[in-house]
Amino acid sequence: MIGKDKICAVVAAEDARSMLHQLADALWQSRTVELRLDWLAGDREIESFLRRFTASRLHAKPDVTLIATCRRRSAGGNYSGSIAKQLLHLAEALRAGCTWYDLEIESIRQCPAELLDVLVGEGRRLVSAHFFQAAPRNLERVAHELNRSGADAIKVAAQCELLADGVKVLRLARAQRNVVAIPMGDAVLPLRVLALREGSAISYAPLENATAPGQVSLKTMKNLYRADRLDSRTRVYGIVGNPVAQSLSPVMQNVAFQARRINAVYLPFLVKNLRDFLGAIKPLGVAGFSVTIPHKQEILRHLDECDPLAVAIGAVNTVVVRTNGKLCGYNTDYVGVLRALEPRIPLRGSRVLILGAGGAARAVAFALAEAGAVVCVCARRAKRAAALAKAVHGQVIDRPQLRSEFFDAIVNATPVGMYPRLQDSPLEARDLNCRLVFDTIYRPRETRLLRLAASRGIQTVSGLEMFIAQGTAQWKIWTGQRAPADIMRKAALNALQREERSQGRR
């Protein structure tokens, strides 16, 4: 065992004072901390930090495990000095109170074993290998070399563009003890969260500065994903899309699992290749997932069963993985539309314009048609607009017609205006001849389209209403329980408000 806390807080700063402040903060959150000495601006700053660190007595806290790292540039770190100087810094860190040191295999290959024993023989050695371009074909051979180098524990970190590659990296941790397995890259971010569950000795999470691709912050790892509490019985859920970084679904769904004390986690899967994700369902134990842009329609081809309404819509946003591995699809966007609009306008007999003809637009159109509304479709792609209008017995409205038409409601079902393109709008103020404007975008809460509508005294509805409603419906499908809707709403709203405040400061 490397440390009592399996989530290792990564402390990295350019100057000694900031590094020490980070360390003090980190020790409030984890008893296992990595000190990235190579991030400090040169030998003088490293020496300054180690003096301050020695005097601070922070290392004297009970059960604290400190790992010193001074990775050279040839191994993907920031340190530009010689190997001899690198070892001297690590030796000084051990004397100052670190119990472990991380030494890359590149330095070990060039250093006599006797010198290592003399300089850092008192510490416990974590021997690491980093592959920043791609995972090597023979990971077992890499692990074998690391184990032969006098290691107390080994670490293999590899860039992975596919989940399949990341799963192979995690298998190293299943095969033997004291292995730190790290799939790197945005595509395998969920695997960083699941690494401890898969047997990795520790998982790294930065306090402030990310030191490797795809790292998840310490706060998020501990509080949102509870990575150190996941076990073999944890049910894995997630959102599948490209992009997914902006999604608030992980915040909303994980809070619900915590509130109901359900052993489950919900993760963001950045998926460019849908088949790659589908291949990872079994090894990762995925029990269900949300589907977003651009996979809502493509996923239909991979389902074993599908709700008839989702088939009619031609888009799926919710999938359940049965115990036999079969995939069953649903569409809860439909529910979200009705819950967002029914309390505000009588839908039966209303004339509603839908902007867009993609997966989201189809869910809106079918929901409105089922509720008795007259559906009109306006989209850039004329053929798709005509097909959708025909499917719901509606009509196509060309863009030039908008100024001479009147609608009870206009619904934006396109991504125009979504973060980060906050100044975009699918329509101008003069096009908004209606009583109500509903934007399915929820990030930001108030899009430019909604601001334009409000400036004309038109009632507005944020996409947050639809987002929460479809998310609570998903949660019930997966768990069989009634979702804690108020808790989920509060979590999503708080996250959006924090983001808005942050953007305001910039």
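Structure data summary
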quantity	calculated
Matching residues, the stretch 248-263, being without any contact (Cβ under 8 Å) to a residue 60 or more places away in the chain and outside any helix (DSSP H, G or I)	Arg261, Asn263
Odd one out for Gly238 among (1) crowded, with 22+ Cβ neighbours inside 10 Å; (2) farther than 22 Å from Ala485 by Cβ; (3) under 15 Å from the mean Cα position of the chain (by Cα)	(2)
Failed criterion for Leu347 (all others in (1) at pLDDT below 95; (2) on the phi < 0 side of the Ramachandran plot; (3) surrounded by fewer than 24 Cβ atoms within 10 Å (Cβ to Cβ) hold)	(1)
Residue identified as over 29 Å from Phe131 (Cα atoms) and of a type in the set (Val, Ile, Thr) among Thr65, Thr69, Thr54, Thr32	Thr54
Options Ala365, Ala361: the member that is touching a Leu at 6+ places or on another chain (Cβ under 6 Å), within 19 Å of Asn317 (Cβ to Cβ) and not acidic (Asp, Glu)	Ala365
Qualifying residue in the stretch 406-421 (condition: assigned to a loop (DSSP other than H, G, I, E, B), polar (S, T, N, Q) and either in the same structural domain as Leu309 (by TED's automatic domain parsing) or in contact (Cβ under 8 Å) with a residue 40 or more places away in the chain (or both))	yes
Subset of the stretch 63-92 (residues that are of a type in the set (Lys, Arg), in a helix (DSSP H, G or I) and under 29 Å from the mean Cα position of the chain (by Cα))	Arg73
Residue match in the stretch 455-471 (condition: under 17 Å from Thr332 (Cα atoms), modelled with pLDDT of 95 or more, in a helix (DSSP H, G or I) and of a type in the set (Ser, Thr, Tyr))	no
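Yes or no, residue by residue, for (1) part of a loop (DSSP other than H, G, I, E, B); (2) farther than 19 Å from Leu449 by Cβ; (3) in the same structural domain as Pro250 (by TED's automatic domain parsing):
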position	(1), (2), (3)
Gly279	no, yes, yes
Phe289	no, yes, yes
Lys296	yes, yes, yes
Ile299	no, yes, yes
Leu309	no, yes, yes
Ala312	no, yes, yes
Asn324	yes, yes, yes
Leu338	no, yes, no
Val364	no, no, no
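The values are calculated or read from the model by the stated rules, or taken from the named source; none is laboratory data. Remember, it's a predicted structure, so these values are computed and weren't measured experimentally. In this analysis, Cβ positions are derived from the backbone assuming ideal geometry, glycine residues included, and neighbour counts consider all displayed protein chains.
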